[in-house]
Amino acid sequence: MDSATPRSATHDRWTDPKKRLWLYGLVVPLSPFIAYFLVEYLHLGVFWATGALVIAVVCPLVDAFARLDTSNPPESVMRTLENDRYYRYCTYLYLPLQYAGLTFGCWMWVSQPMGGAERFAMAATLGIVGGVGINAAHELGHKRTTIERRLAKIALAQSFYGHFYVEHNRGHHARVATPEDPATARMGESYWRFLPRSVFGSLRSAIRYEKGRLERRGTSFWNLRHNDILNAWALSVVLYAVLIAVFGWSIAPWLVVQAVMAIMFLEGANYLEHYGLLREKRPDGSYERVQPQHSWNSNHVCSNLFLYNLQRHSDHHANPLRRYQTLRSMPQAPQLPAGYAVLIILALFPPLWRRIMDPRLLEHYSHDFSRINIKPEKRNAIQARYGGRS
């Protein structure tokens, strides 16, 4: 674009080429219904896992063949784009479809002649719906409007992960890319080691932050109305109680399975977003401000459409209140070799993960191990394996 072009002219010419594409993300909450029709007409029980297949197969294939999207909206349209309510409705619409799909899945468990593997496949589909639902809650929970914050808690209820609402905003964003952050993975730390550290560390952190907030307000931690953790968990208790009352106790184990899978999906994203990245300390012992180089980014199209631009993670940390449609690609940020869909699966296999990601991390820091967030007990072994400056 010519620098002499008036801002008003730029504004008039520019339209969001992805505006209608954001609706494709609703394929995920619709996947339980799609699964039913595929099984009904193709007579293959594997399609009960349609939600997982969309994320593990369809999304990576589209990402592989589609051109990377590095385009950013012009600064002159940012305010208008931010205020366009269409984009909010795309996230709002996820929630009724999410819960319609969950209810439908419970009905399938009790009404269809499923074997154990097929029931697990449906739990996998619902787990993906819930996991992406946590991401929808992530988008909503960062906003200042009361309705969006309440919707965030509703989106989290399926996965019983309501404390994420507190920990992510108050803990993770303050401590990201530091050893103190339970949701930042360290070099040499496998996903399977990271998973319990992040789950239980985030829970402890959320309780600490919420207890401190309520104490400052002179309110008891056990005040259900004001405690953002307890009232979010209460939504999950009510949801599960209603579903079990309607469909019977036989669905209870599968509700647990789908919640675990949703949490594993979220923590897979957490694992890769800041793997090995480290903010430097200032002379006074505090950490430097979060910079683009402290988050792994990806410009793969399909993954970004399904995850509301979560892969433009550096801009999200720089501007947490910015809505997903205005998040910018940042070339100075370290880039992932594929979209989240592929890398979350890769993370399940630590040797493959290390082979793909460790060289990229080392290159990002010019093999200077002093600048990398390394798991302490693995530091000597990692330096011996790769060499470099300590």
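The values are calculated or read from the model by the stated rules, or taken from the named source; none is laboratory data. This structure is a prediction, so every number in the text was calculated from the model and none was measured. For neighbour counting, all protein chains shown are included, and Cβ atoms are generated from backbone atoms with ideal geometry for every residue, glycine included. With ligands, DNA and RNA removed, areas are computed over all heavy atoms of the protein, side chains included. Shrake-Rupley method; radii C 1.70, N 1.55, O 1.52, S 1.80 Å.
Quick rundown of the values:
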read-out: Condition met for R119 (open to solvent by 40 Å² or more (accessible area, probe 1.4 Å), modelled with pLDDT of 95 or more and part of a helix (DSSP H, G or I)); value: yes
read-out: Answer from S329, S370, S366, S314 - the residue that is surrounded by 22 or more Cβ atoms within 10 Å (Cβ to Cβ) and not charged (D, E, K, R); value: S314
read-out: Number of positions in the range 153-176 that are surrounded by 24 or more Cβ atoms within 10 Å (Cβ to Cβ), among the aliphatic types (A, V, I, L, M) and more than 13 Å from the chain's Cα centre (by Cα); value: 1
read-out: The lone exception for N309 - which of (1) surrounded by fewer than 20 Cβ atoms within 10 Å (Cβ to Cβ); (2) without any contact (Cβ under 8 Å) to a residue 40 or more places away in the chain it fails; value: (1)
read-out: Residue list for the range 214-252, restricted to those being closer than 16 Å to V110 by Cα and either among the aromatic types (F, W, Y) or in contact with a helix residue (DSSP H, G or I) (Cβ under 9 Å, 6 or more places away or on another chain) (or both); value: Y240, L243, I244, V246, F247, G248, W249, S250, I251, A252
read-out: Subset of the range 223-237 [in contact (Cβ under 8 Å) with a residue 24 or more places away in the chain and either open to solvent by 60 Å² or more (accessible area, probe 1.4 Å) or over 26 Å from the mean Cα position of the chain (by Cα) (or both)]; value: W233, L235
read-out: Flag if T50 is surrounded by 23 or more Cβ atoms within 10 Å (Cβ to Cβ) and β-branched (V, I, T); value: yes
read-out: Condition met for P337 (outside any helix (DSSP H, G or I), out of contact with any Cys (no Cβ under 6 Å at 6 or more places or on another chain) and surrounded by fewer than 16 Cβ atoms within 10 Å (Cβ to Cβ)); value: yes
read-out: Tally of residues being under 14 Å from S202 (Cβ atoms) and among the aromatic types (F, W, Y) across the range 242-274; value: 1
read-out: Close pairs from the range 129-156: first over 21 Å from N304 (Cβ atoms), partner open to solvent by 20 Å² or more (accessible area, probe 1.4 Å) and not in a helix (DSSP H, G or I), Cβ under 8 Å, at least 6 apart; value: R144/L321
read-out: Verdict on Y271 being part of a loop (DSSP other than H, G, I, E, B) and closer than 30 Å to A49 by Cα; value: no
